[in-house]
1. Whether any residue in the range 11-32 is out of contact with any helix residue (DSSP H, G or I) (no Cβ under 6 Å at 6 or more places or on another chain) and of a type in the set (F, W, Y) is what I want to check.
2. In the range 83-96, what residues are farther than 14 Å from S121 by Cβ and hydrophobic (A, V, I, L, M, F, W, C)?
3. Of all residues in the range 48-68, which are among the β-branched types (V, I, T), in contact (Cβ under 8 Å) with a residue 40 or more places away in the chain and more than 14 Å from F100 (Cα to Cα)?
4. What number of residues within the range 19-64 are under 25 Å from L144 (Cβ atoms), among the β-branched types (V, I, T) and surrounded by fewer than 20 Cβ atoms within 10 Å (Cβ to Cβ)?
5. Between a first residue in the range 108-120 that is over 25 Å from A150 (Cβ atoms) and a second residue that is of a type in the set (K, R) and outside any strand (DSSP E or B), which pairs have beta carbons less than 9 Å apart while being 6 or more apart in sequence or on different chains?
6. Please list, ordered by first then second residue, the pairs with beta carbon atoms under 6 Å, 6 or more apart or interchain, first in the range 123-147 and closer than 12 Å to L98 by Cα, second surrounded by fewer than 17 Cβ atoms within 10 Å (Cβ to Cβ) and not charged (D, E, K, R).
7. Just the residues that are of a type outside the set (D, E), more than 16 Å from the chain's Cα centre (by Cα) and over 23 Å from R85 (Cα atoms), please, taken from the range 108-140.
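Readers should treat all values here as calculations from the given coordinates under stated rules, not as data from a laboratory. Predicted, not measured: the structure shown is a model, and the values here were computed from it. As a convention, Cβ positions derive from the backbone with ideal geometry for all residues, glycine included, and neighbour counts pool all protein chains shown.
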Amino acid sequence: MGAADLTDLMALKADPLVYGQMLGGVRSGWQVVDELTNDRIYWAAQGVGMFAIREGRVFQGTTGIHDRPDGRGRALRFAVWPEARGRGLAREAASAALRFAHDRAGLARIVAVARGDNFGSRMVLGSIGMRECDAFLRDGHLMLVYESVA
């Protein structure tokens with residue numbers, strides 16, 4: 001992702017239907033600028049990071065790998081517009097990001113975290129071969145940790 005994606009990222013990350021349940025919740029414009037800058041720095045340093053998900057030329061969401069702020073490790077992330085859900089797009093993109101992380105970036109272990117009641121995300125993670133390995137509570141919600149080990 002780059003500067004050309006900023007307007008789309010701002011809209012996606014400000015949408016409560018997309019980022020309302022994410023760690024940190026919806027983002028302000030300044031937060032999105034800061035996150036995009038950090039994502040670009042992370043790519044340069046780690047050889048892995050966030051990708052834009054496109055269907056044709058239309059921005060549909062994001063996926064990729066970034067460190068979790070809670071120290072659980074490098075994590076697979078994905079978020080798509082509500083109207084893009086249910087067509088396998090998140091699964092296809094998350095699977096590609098996971099393969100890139102293992103095969104091209106050489107990462108041995110990738111985690112992902114989903115709320116226990118977020119069945120859509122849990123289905124994506126299970127369908128790409130990630131397995132539930134841990135759980136914790138965050139703000140009164142059960143959070144499930146998944147992992148993929150190369």
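1. Scanning the range 11-32, I find at least one residue that is out of contact with any helix residue (DSSP H, G or I) (no Cβ under 6 Å at 6 or more places or on another chain) and of a type in the set (F, W, Y), so the answer is yes.
2. Scanning the range 83-96 gives a single hit, A96.
3. So the first thing to find is which residues in the range 48-68 are among the β-branched types (V, I, T), and the list is 48, 53, 58, 62-63, 65.
Remaining after also requiring in contact (Cβ under 8 Å) with a residue 40 or more places away in the chain: 48, 53, 62, 65.
Across the range 48-68, the qualifying residues are I53, T62.
4. Residues in the range 19-64 being under 25 Å from L144 (Cβ atoms), among the β-branched types (V, I, T) and surrounded by fewer than 20 Cβ atoms within 10 Å (Cβ to Cβ): 1 in total.
5. Sorted first by the residue in the range 108-120, then by its partner, the pairs are R115/R122; G116/R122; G120/R85.
6. E147/C133
7. Of everything in the range 108-140, those that are of a type outside the set (D, E), more than 16 Å from the chain's Cα centre (by Cα) and over 23 Å from R85 (Cα atoms) turn out to be A108, C133, A135, F136, L137, R138, G140.
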